[in-house]
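Once you've had a glance at the structure underneath, I'll fire off some questions.
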Amino acid sequence: MSDQPSPREPTEFAFDSYPDAPPDGDRWSTWDGSTHGPGPRPAWVVTALGAVDADLGVLKTGKEADVHVVRRWVPGDPTHDVLLAAKRFRNSKHRMFHRDAGYLEGRRVRRSRENRAMAKRTDFGKEMISGRWAFAEFETLATLWTEGLPVPYPVQFDGTEILMEFIGADGHAAPRLADTRPPTSVLADLFEQMRETMLRLAELGWAHGDLSPYNVLLDGERLVVIDWPQIVDVIGNPHGFEHLERDARTMATWFTRRGYAVDPDEFFAHLLGAATARW
């Protein structure tokens, strides 16, 4: 009989590469620690810390950001289950800022280093621009939603991601106005919605800055305006009147081509009067 001790059985260890990951979904809800949207908060917003998020795929791609559909829900609680639109701004190497100079007029930061970096489009400057655009869009959505304008409710902002209201029904996203062919009988009502939105925006001193049928959604019979990072101060921006006129002419042209005649000069004059009335 050998006096040598018998070798021990090898110990088996189980490794979990993602020990903090939720049992369902892709991540825990990022609500905690993010910047939240304005109150009163819509009842459908899920704020439970036990909620999970799942990325359901890309809804829209753009020059500076992509929009994903995200499901946020509390497992086992069907009353807390909602779809959100997640707008995620790309890193500096994959963004296009070829048109931002005109929009950034009047939005200067105080530190000269940041201004120089943005002007020269260094990597640091691009990060500054994209970060400012992301948070600026969130703040803009919060302000416009509070003012009662037809925009998605901004749920939260976290880094380079804005989570906002998903516009659509039964899991289907609302189409862009450019992709629709509304009957002539509803064009007058749709234009009135557009006119009231742009007029109220002008009264607040702003122009969308890049308004077109491609960033207006048709949700049933309701128009919802999206894509706000480049909102323009009509008075403070030296190109403000130009942006306002371009927005007016673009939308007037679309409605006219669809069969509802809109005079672009008259429309622009009406908006310009509203924008300058308080000066």
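The values are calculated or read from the model by the stated rules, or taken from the named source; none is laboratory data. Treat the numbers as computed from the prediction; the structure is a model and nothing was measured. Backbone-built Cβ (ideal geometry, glycine too); neighbour counts: all protein chains shown.
Consider Leu211 carefully, then state whether it is modelled with pLDDT of 95 or more, of a type outside the set (Lys, Arg), under 16 Å from the mean Cα position of the chain (by Cα) and part of a loop (DSSP other than H, G, I, E, B).
Spelling it out, Leu211 is indeed modelled with pLDDT of 95 or more, of a type outside the set (Lys, Arg), under 16 Å from the mean Cα position of the chain (by Cα) and part of a loop (DSSP other than H, G, I, E, B).
Quick one: would you say Gln156 is of a type in the set (S, T, N, Q), in the same structural domain as Thr35 (by TED's automatic domain parsing) and in contact (Cβ under 8 Å) with a residue 24 or more places away in the chain?
Yes, satisfied.
Where residues in the stretch 152-193 are among the β-branched types (Val, Ile, Thr) and under 16 Å from the mean Cα position of the chain (by Cα), which of them is nearest to Ala43 (Cα to Cα)?
Here the answer is Val155.
I'm checking my understanding of the structure. Among residues of the stretch 44-77 that are of a type in the set (D, E, K, R) and under 21 Å from the mean Cα position of the chain (by Cα), which one is nearest to Gly171 (Cα to Cα)?
Arg71
Looking at the stretch 52-76, which of its residues are closer than 23 Å to Trp228 by Cβ and not in a strand (DSSP E or B)?
Answer for the stretch 52-76, where residues must be closer than 23 Å to Trp228 by Cβ and not in a strand (DSSP E or B): Gly62, Lys63, Glu64.
So which of Ala207, Ala252, Ala202, Ala269 is of a type in the set (A, V, I, L, M, F, W, C) and surrounded by fewer than 16 Cβ atoms within 10 Å (Cβ to Cβ)?
Matching residue, one of Ala207, Ala252, Ala202, Ala269: Ala269.
Here is a further query. Conditions: (1) at pLDDT below 95; (2) closer than 12 Å to Phe191 by Cβ. Arg278 meets all but one. Number of the miss?
(2)
Something else about it: In the stretch 30-51, is there at least one residue being in a strand (DSSP E or B), surrounded by 10 or more Cβ atoms within 10 Å (Cβ to Cβ) and either modelled with pLDDT under 95 or assigned by TED's automatic domain parsing to the domain that holds Thr140 (or both)?
Yes, some residue in the stretch 30-51 is in a strand (DSSP E or B), surrounded by 10 or more Cβ atoms within 10 Å (Cβ to Cβ) and either modelled with pLDDT under 95 or assigned by TED's automatic domain parsing to the domain that holds Thr140 (or both).
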